[in-house]
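Heads up, the thing below is written out as structure tokens.
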Amino acid sequence: MRSITVMAATAGAASAVWAAFLPLPHAASWVYMSLSVALHVTYNFLLVLAYRHGDLGVSYPVARGSSPMLVAAGAAVVAGEQLDAFTLVGIALVCGGILGLAREGREGGFTRGIVPAALAGATIAAYTVIDGLGSRASGNAWSYAAWLFIFNGLAMLPVWASGPVRLDSGSMRSAAGGVVSLAAYAIVIWAASISPMGQVSALRESSVVVAAVLGWLFLGEQLGSRRLVACLIVAAGAGCLGLRG
């Protein structure tokens, strides 16, 4: 949690500099931004629980792989984005892959690891749709992203203040991760302002395969054939969702 807080604070500080060169978002977007910050904070807590009790190679694909289908459904309801054949096939593949990952994770913290990961996926879907709507109402997607990260960093600061601040190598890695997350999600928000949200979310979540490989390389996690096949099925489903329309 402290690492995530350092990431959020670093991204917020960088965004404060960035926002000085951008126009203010339109007033209509601030309500979306407020809702998104609350969801991002909730997501942070759920992600910590998922990683604490489950492998990265299981928790990350479940959290990220479940969100595109929810984003596609949510965008269809609130933004009128239609579900087509590619979307339906993608949803089926994503669901199948997630079930495979859940089965693979039964012996590695299924009860306490999969549930928060699935809830994190629902939270991701909610804030993705909200940020898609907010960026479209803001008049400038980059401004919306900058101010979103500013307020998210401020919202996470109480966690940092609850204990001693350590400026060690771990904090430096977290700070670097904050800069990367700022760049990555700012691009997502910009893309969602000009493209279907389900498509953007699906292409974003194809990183589940990379996460499984990184967990194997750096965290000593098992990358068995069933887990690898399940990750590839999730990625294939995300690809189908990315081809919609």
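The values are calculated or read from the model by the stated rules, or taken from the named source; none is laboratory data. On a predicted model such as this, the values are computed, not experimentally measured, just so you know. Positions of Cβ are backbone-derived with ideal geometry, glycine not excepted, and every protein chain shown enters the neighbour counts. Remember, those area values only see protein heavy atoms, side chains included, never the ligands or the DNA or RNA. Shrake-Rupley method; radii C 1.70, N 1.55, O 1.52, S 1.80 Å.
What fraction, in whole percent, of alpha-carbon pairs in the range 165-245 exceed 15 Å separation?
Numbers: 2208 of 3240 pairs.
The answer is 68 percent, as a whole percent.
Go through 156, 172 and list them by solvent-accessible area, largest first, probe radius 1.4 Å. Intermediate results must be reported in sequence, preceding the final value.
Values: 156 0, 172 105 Å².
So the residues, ranked largest to smallest area, are 172, 156.
What is the distance in Å between the Cα centres of the range 172-245 and the range 40-75?
What the calculation gives is 11 Å, centre to centre.
To the nearest 10 Å², what's residue 95's accessible area with a 1.4 Å probe?
50
Starting from the coordinates of the alpha-carbon atoms of the range 1-146, obtain the Kirkwood hydrodynamic radius over all distinct pairs and give the value in Å to one decimal. Walk me through the intermediate numbers first.
Values: mean 1/r = 0.0605 Å⁻¹.
In the range 1-146 this quantity evaluates to 16.5 Å.
Taking the alpha carbon gyration tensor of the chain, what are the square roots of 5 times its eigenvalues, largest first, to the nearest whole Å? Working shown, then result.
Values: eigenvalues 153, 120, 37 Å².
Largest first, the chain gives 28, 25, 14 Å.
For a Förster distance of 30 Å, can you work out the FRET efficiency between the beta-carbons of residue 84 and residue 45, rounded to the nearest 0.05? Mind showing how you got there, number by number?
On the way: r = 35 Å, r/R0 = 1.17.
Once the sixth-power term is evaluated, E becomes 0.30.
Please find, in a Gaussian network model of the chain (springs between Cα atoms separated by less than 10 Å), the residue of 85, 192, 155 whose mean-square fluctuation is greatest.
85
Please list 159, 234 from largest to smallest accessible area, probe radius 1.4 Å, with all protein chains kept in place.
Details: 159 30, 234 0 Å².
Descending order: 159, 234.
Could you pull out every whole DSSP H run in the chain that spans at least 30 Å of Cα extent along its own axis and averages -1.0 or higher on the Kyte-Doolittle scale? Mind dumping the intermediate values first?
On the way: long enough: 30-53 (35 Å, 0.94); 56-78 (32 Å, 1.17); 115-138 (34 Å, 0.94); 141-161 (31 Å, 1.25); 169-194 (39 Å, 1.25).
Sorted by number, the helices that extend far enough and score high enough are 30-53, 56-78, 115-138, 141-161, 169-194.
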